[in-house]
1. If you take the residues in the range A:1-23 that are more than 25 Å from residue B:226 (Cα to Cα) and in contact with a helix residue (DSSP H, G or I) (Cβ under 8 Å, 6 or more places away or on another chain), which one is nearest to the other protein chains (Cβ to nearest Cβ)?
2. Looking only at the range B:190-212, count how many residues are within 16 Å of the ligand (Cβ to nearest atom) and at the interface with another protein chain (Cβ under 9 Å from one of its Cβ atoms).
3. Within the group A:288, A:300, A:264, which residue is surrounded by fewer than 23 Cβ atoms within 10 Å (Cβ to Cβ), closer than 19 Å to residue A:80 by Cβ and in contact with a helix residue (DSSP H, G or I) (Cβ under 8 Å, 6 or more places away or on another chain)?
4. Can you tell me which residues in the range A:131-149 are within 6 Å of the ligand (Cβ to nearest atom) and closer than 19 Å to residue A:37 by Cβ?
5. Does residue A:206 meet the test of being surrounded by fewer than 16 Cβ atoms within 10 Å (Cβ to Cβ), within 15 Å of the ligand (Cβ to nearest atom), within 24 Å of the chain's Cα centre (by Cα) and in the same structural domain as residue A:136 (by TED's automatic domain parsing)?
6. Restricting the range A:30-39 to residues that are buried (at least 17 other Cβ atoms within 10 Å of the Cβ) and out of contact with any strand residue (DSSP E or B) (no Cβ under 6 Å at 6 or more places or on another chain), which is farthest from the other protein chains (Cβ to nearest Cβ)?
7. Kindly list the number of the only condition in (1) more than 18 Å from residue B:176 (Cα to Cα); (2) surrounded by fewer than 20 Cβ atoms within 10 Å (Cβ to Cβ) that fails for residue B:116.
Ligand SMILES: Cc1cc2nc3c(=O)[nH]c(=O)nc-3n(C[C@H](O)[C@H](O)[C@H](O)COP(=O)(O)OP(=O)(O)OC[C@H]3O[C@@H](n4cnc5c(N)ncnc54)[C@H](O)[C@@H]3O)c2cc1C
């Protein structure tokens, strides 16, 4: 076992940090404050990601054929840590890099790959993920949006909800039903300017313009928009999720915000108080435990092991870490959550309250840990 | 960064697992007079003979293998003195006779393993001392599932020329490894129970109220295990306080869950659950317990002002 970073890993991290230092503008926090799904951050990503791409830091882990450099798993992960800790200047483009691109490489037709991968690799593509529906959240397989075959086209009707980035996305990675049950689900790559698509922003606690409802009314797309085969949708998202198994390295931002909170408390001469110090330590412990559980997943992947249950444990720990840090801030620095004084704490708060819900609720992860990791019997 | 064992560590772990799977040496049996612990003399002798307690001295095994061993040994229903021998003794610059009992900051009261101990180690800020106490620790009755003893008179202390902070850090790692193992052993036992035991026409383990609590317990235990191994690798004071503090903070809730889901069976001396939970209860209060470990960590990471 070796818990230290290699010199090569350190050098890569330094390169990423140097890039962020030189390329993030002085008012970056006031842009990041609006949240990764906001119009402000999405617009910013369209100038930032091309620069990342030019520096070889957008898709370094992708194959050379698609603009990458076949760099190792850990580097991709270090990149993710630094980006998230900086407030995710890639905006929604992180999805392209992490899973949409790799899924297209595996399941896409040549035409789809040629059309979609180059813009992703150059940092100029905004996608949204159309999975959840009003009646299909945790129980995603209950989705009802339907794609009916009509000659060489499909006609799509239905509604998606909580869709991040939909306001500015050019393409939707859409799940729709072509039959019944899990086997009746297919993936469609749908241009968002297709007639019949209507997007409505949902006002929310996490920033304006972050999440949306998307309505599909008689949306006609050619069969060439289908990714893989009819009925292959569930396998495709399982593969996508396995690529995105650990999700976002959220503990990294939490840990750094916690340091910033402690610095603020020290400046106020309030950190000598033993209760404050021990609560800060508790939050830090949650972050470090989450970090180690996430590293275990990355390590498994780096060694080429098949996806197991470690990711479910990691996701539970990440939720605890995010909440402990923002709660620490709200308990001991309540004034920082009003006005403009501390945009980073407020931005962290908005990211933290999402953690246990988006991309599979914490309780769903606990179900999976219980059943698959602890081998407990299925409920009634 | 590589979180898998190297080849030597993997072999070490495999052979250790074989030894621990021998029920006659490591398994549960009740003790005459309904004692709360069962000292694993046979297991102790086997590990000693095979040189397992010296893992930390070997470059390819190191303190990581030693900490992993303490964790695994603590999962057994029998108890042996392993933590101090495996994680402290190799770093004391002198070959102290084992078993080893340890007292920190002159804490009053009974000391774990004192009745068996041939050496007593004292850790204080003023320095590290040891005394040969062969047979002088009088056994005392205790709630904890450890052999506990009191010193009858002042021992003949000898100073050891080692950095007290380094020893304190190693002892935090050792306690974390033992506490993590005790909780993991208890969890495994409860999981087996709730998979089998049916009420309301279904196994207890199929109830979501039980599943979620045990799943959370597993997340804390496994996270802490990785933190412990990291601390063994770095021997950094912040890492060590973090690992111990994390376990000590969660041990109360985990111990509660384990007893709840075992029902009345967990309160009998005919079932081993107490072997783990009453060791965990002793360990969660060592070195000042979670409150002290949390402050140690805060001081190491942020210093006070
Ligand atoms: C900020 C944000 C961004 C999002 N972005 C997207 C996006 O871009 N695209 C997209 O498709 N979706 C997106 N989502 C939706 C997200 O995937 C869903 O919110 C999530 O799957 C949970 O579904 P739900 O909100 O309908 O909750 P529900 O399924 O209604 O569940 C509510 C709660 O009930 C509990 N629960 C549910 N089922 C169980 C069970 N079996 N056992 C125990 N407890 C249970 C959990 O606590 C859960 O949080 C986003 C969500 C958020 C918050």
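The values are calculated or read from the model by the stated rules, or taken from the named source; none is laboratory data. Since the model is a prediction, treat every value here as computed from it, not as a measurement. Note that each Cβ is placed from the backbone with ideal geometry, even for glycine, and that neighbours are counted across all protein chains shown.
1. Restricting to residues being more than 25 Å from residue B:226 (Cα to Cα) and in contact with a helix residue (DSSP H, G or I) (Cβ under 8 Å, 6 or more places away or on another chain), the top hit is A:16.
2. To start, the set of residues in the range B:190-212 that are within 16 Å of the ligand (Cβ to nearest atom) comprises B:205-212.
With at the interface with another protein chain (Cβ under 9 Å from one of its Cβ atoms) added as a condition, the list becomes B:205-208, B:210-212.
Here the count works out to 7.
3. Within the list A:288, A:300, A:264, the selection yields A:300.
4. First, pick out the residues of the range A:131-149 that are within 6 Å of the ligand (Cβ to nearest atom): A:131-132, A:137-138.
Selection gives A:131, A:132, A:137.
5. Taking the combined requirement at face value, the residue does not satisfy it.
6. Residues of the range A:30-39 buried (at least 17 other Cβ atoms within 10 Å of the Cβ): A:31-39.
Within this subset, residues satisfying the condition of being out of contact with any strand residue (DSSP E or B) (no Cβ under 6 Å at 6 or more places or on another chain) are A:31-36, A:38-39.
Details: A:31: 29, A:32: 25, A:33: 26, A:34: 30, A:35: 28, A:36: 26, A:38: 32, A:39: 37 Å.
So, considering only residues that are buried (at least 17 other Cβ atoms within 10 Å of the Cβ) and out of contact with any strand residue (DSSP E or B) (no Cβ under 6 Å at 6 or more places or on another chain), the one farthest from the other protein chains (Cβ to nearest Cβ) is A:39.
7. (2)
Yes/no matrix, rows are residues, columns are (1) in the same structural domain as residue A:187 (by TED's automatic domain parsing); (2) in contact with a strand residue (DSSP E or B) (Cβ under 7 Å, 6 or more places away or on another chain); (3) within 10 Å of the ligand (Cβ to nearest atom):
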| residue | (1), (2), (3) |
| --- | --- |
| A:95 | no, yes, yes |
| A:106 | no, no, no |
| A:164 | yes, yes, yes |
| A:168 | yes, no, no |
